[in-house]
Amino acid sequence: MAHQPNTPRVPSEGPFHGPVPLSMYPVSPPARPARSAPLLVGTGLAIGLFIGVGGTLAGGSIEFPAASFEGALQPCGLEDGMSSQIGDDGATLDLDHQGTDDVLGLSLAELHCVLEELDAPDSVVSQMESTRALDGNQTAEWDGIQASWGYHPDTGIDVLLTRR
């Protein structure tokens, strides 16, 4: 028997009695490129961290220090005292800005610092700054905090923040 160019050469003995089709030969899977173990471990850690932090934030169980009223006073160089009083077991913060007749009180920069630490929106800060004595008590809310304030030139801006 003459050998055909595209037919594998196999012995004519055995159960097939003739050329064996190529489909009968075992085919090994293509070789995979080697993967770096540190890359796989790093990827796994990144995915796990992403899922873990995302799940915790969705559950709302993380409280950052700046979210507390005490945590907002510390970076501004303030503490619980006469001009910034924490009350109701940490649920309220009373801020007393210095007016023209006040000997004590927060400066405008200190008041801004506390509001910034509590992530007060610019619109709320702008409302506070533009409040006149004739406007009476004003209110606003953001991120679970309710703000209530009034202004008089003699006593300044008096702000009460309540955590909801």
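Points to keep in mind about this one:
- Based on the convex hull around the alpha carbon atoms, segment 89-164 presents an average projected area of 4.9 nm².
- Straightening the chain between Ser123 and Asp101 buys 5.1 nm, computed as 0.36 nm per residue apart minus the Cα-Cα spacing.
- Here the relative contact order of segment 65-163, from alpha carbon pairs under 8 Å that lie six or more residues apart, stands at 28 percent.
Laboratory data are not the source of any read-out in this text; all were calculated from the coordinates shown. What you are looking at is a predicted structure, and each value in this text was computed from that prediction instead of being measured.
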